[in-house]
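Participant: My structure is below; once you've seen it, I'll send some questions.
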């Protein structure tokens, strides 16, 4: 308990410096070390690396500073909107006449509570069955229209449109604009999801936002958003944050995409594939028909008129040729045989002629006849028989004298 | 709700096989060719209808679907 001042006499007047000193002394005696919780705002860093900020809540504001040394040692770096607990001591900054807390340590109070709250909410919704695999709907294979619930000025929609711009088979995109962080965003997101579904603004709904802190993504952990997604009859793809960010909206969606780009690729892949194959068909069909026509034609050409007679003629000629050879051969054989035969005949003839009785007689031999009969041996004759000695051309009579 | 894209693609694949089949007469192959071209042209047109088309909902009709939507180009 410090000195109590009650100024009612003229020599109780203090200078600004004096009163400030007194206040300073009072404060530092009464508040050795304190821990204060609140939300960081007006956060900025000076040139020497010290960070000046305010801690606020609904009722009041407390100036604060964390010097460079303490800042480096702190695992939490102060940023606007953070819910924190600041440990330190109170001080008065005389030149400005304000008091502040000089922070030794900043801890994330809000984040812990936030995560706790989130965990509880997740368990609650999970027990209602809202995240069950069986509830999840299949995506249409080739959606022609897609409704995107996202910020019209954010990075997410740009990423989505960049992906789709490269696709010939891109679907029609209808954007349902919404805030994607901060107070009140959750309600708008939830409403836009419902509108996308009830007014049938797409064959599939994409809920998208770019990367951010846990605080930034909080609207996508909101119960109303989860219930809207779960209540859609249109399939919902959730592409929120970076690959590692998982929000309750992701758990409720029919498909979770790692990022907004991934979401747009997912819903446009198969259409693109089919379109490319349809185009490919035209070319390959032409090739096939062309080849078949060529084959057909070459077979036909082989059966064409001119080609036929040429073939026929050459075949016939071939036969004739072969025939000729055969004829010639036959001829030769016959000729040979014939001359052979002639020779034989001549020989036969000669020998015939040569061995005729007349031919013998002509050679000087004679024939004997007795009483008109040929005589072959002497014993057929007796002495004094009258015989005819027949020569080739004439005869004489003779008498056998002895025998 | 796939507008028969998958079925039509499958038909194109069947047609391609049949056209290659030497047992299929040339005349029929040509009929199949015509059919295939018609299908692929249809697919191409339908799938590329919405290229680069982006719109946005410009009003906030009742969430239960009972109102009317205003759509604008984005």
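Participant: Please report the orientation-averaged projected area of segment A:315-403, defined via the convex hull of its C-alpha atoms, in nm². Don't jump to the answer; show the numbers that get you there.
Facilitator: Numbers: hull surface 36.2 nm².
Directional mean of the projected Cα hull area for segment A:315-403 stands at 9.0 nm².
Participant: May I ask you to work out the translational diffusion coefficient for the protein assembly as shown at 4 °C, viscosity 1.567 mPa s, via Stokes-Einstein with Rh from the Kirkwood sum over Cα pairs, reported in whole µm²/s?
Facilitator: Values: Rh = 34.2 Å.
Rounded to a whole number, D works out at 38 µm²/s.
Participant: As a footprinting exposure proxy, order A:264, A:108 by other Cβ within 10 Å, with the fewest listed first. It would help to have the intermediate numbers written out before the result.
Facilitator: Numbers: A:264 29, A:108 17.
Least to most surrounded, the residues fall as A:108, A:264.
Participant: Between A:266, A:14, A:62, find the one with the highest GNM mean-square fluctuation for chain A; connect C-alpha pairs within less than 10 Å.
Facilitator: So, out of A:266, A:14, A:62, the one fluctuating most is A:14.
Participant: What number, in percent, do you get for the relative contact order of chain A if the mean sequence gap of Cα pairs under 8 Å and at least 6 apart is divided by its residue count? Please report the intermediate quantities before stating the final value.
Facilitator: Working: 594 pairs, mean separation 36.3, N = 403.
Over chain A, the number comes to 9 percent.
Participant: Let me ask you something else. Specify the angular offset, from 0 to 90 degrees and rounded to the nearest 10, of the alpha carbon long axis of helix A:305-354 from the longest principal axis of the alpha carbons in chain A.
Facilitator: Approximately 20 degrees, to the nearest ten.
Participant: Take the alpha carbon atoms of segment A:215-272, find their radius of gyration, then divide it by 2.2 N^0.38 Å using N residues; give the quotient.
Facilitator: On the way: Rg = 11.6 Å, N = 58, 2.2 N^0.38 = 10.3 Å.
Normalised Cα radius of gyration, segment A:215-272: 1.13.
Participant: For helix B:5-20, report the angle its Cα long axis makes with the longest principal axis of the Cα atoms of chain B; keep it between 0 and 90° and round to the nearest 10°.
Facilitator: That works out to roughly 10 degrees.
Participant: Name the most mobile residue of A:173, A:225, A:51, meaning the one with the largest mean-square fluctuation, in a Gaussian network model of chain A with Cα contacts below 10 Å.
Facilitator: Its mean-square fluctuation being the largest, the pick is A:51.
Participant: Hey, what number do you get for the protein assembly as shown at 222 nm if only DSSP H runs of n ≥ 4 count, each worth -39500 (n - 2.57), divided across all residues, to the nearest 500? Present the calculation step by step, with values, prior to reporting the outcome.
Facilitator: On the way: 13 runs with 219 residues, N = 477.
That calculation yields -15500 deg cm²/dmol at 222 nm.
Participant: If we count other beta carbons within 10 Å of each Cβ, what is the order of B:63, A:180, fewest first?
Facilitator: Values: B:63 18, A:180 25.
If I rank by nearby Cβ atoms, fewest first, I get B:63, A:180.
Participant: Could I ask something else about it? If a/c stays under 1.5 just call it rounded; otherwise compare a/b with b/c (prolate if a/b is bigger, oblate if not). Do that for segment A:120-249, with a ≥ b ≥ c from the square roots of the Cα gyration tensor eigenvalues.
Facilitator: It is oblate, given that a/c is not under 1.5 and a/b is not larger than b/c.
Participant: OK, next. What angle do you read, to the nearest 10 degrees and between 0 and 90, between the alpha-carbon axis of helix A:155-165 and the longest principal axis of chain A?
Facilitator: Compared with the principal axis, the helix lies near 20 degrees.
Participant: Same structure again: Under 1.5 on a/c is rounded, so check that first for segment A:171-213, then, if it is not, pick prolate when a/b is larger than b/c and oblate when it is not; a ≥ b ≥ c are the square roots of the alpha carbon gyration tensor eigenvalues.
Facilitator: Verdict is oblate for segment A:171-213.
Participant: What ranking of B:35, B:72 emerges when the number of other C-beta atoms within 10 Å of each C-beta is taken as an exposure proxy, fewest first?
Facilitator: Taking fewest neighbouring Cβ atoms as first place, the list is B:72, B:35.
Participant: Which residue fluctuates most in the GNM of chain A (Cα springs below 10 Å): A:371, A:334, A:218?
Facilitator: Fluctuation is largest for A:371.
Participant: Can you tell me how segment A:48-102 classifies by the Cα gyration tensor, rounded, prolate or oblate, using a/c under 1.5 as the rounded cut? Please report the intermediate quantities before stating the final value.
Facilitator: Details: a/c = 1.94, a/b = 1.12, b/c = 1.72.
Judged from the Cα gyration tensor, segment A:48-102 comes out oblate (a/c at least 1.5, b/c at or above a/b).
Values quoted throughout were computed directly from the atomic coordinates according to the rules given, and no laboratory measurement underlies them. Remember, it's a predicted structure, so these values are computed and weren't measured experimentally. We place every Cβ from the backbone using ideal geometry, glycine too, and count neighbours over all the protein chains shown.
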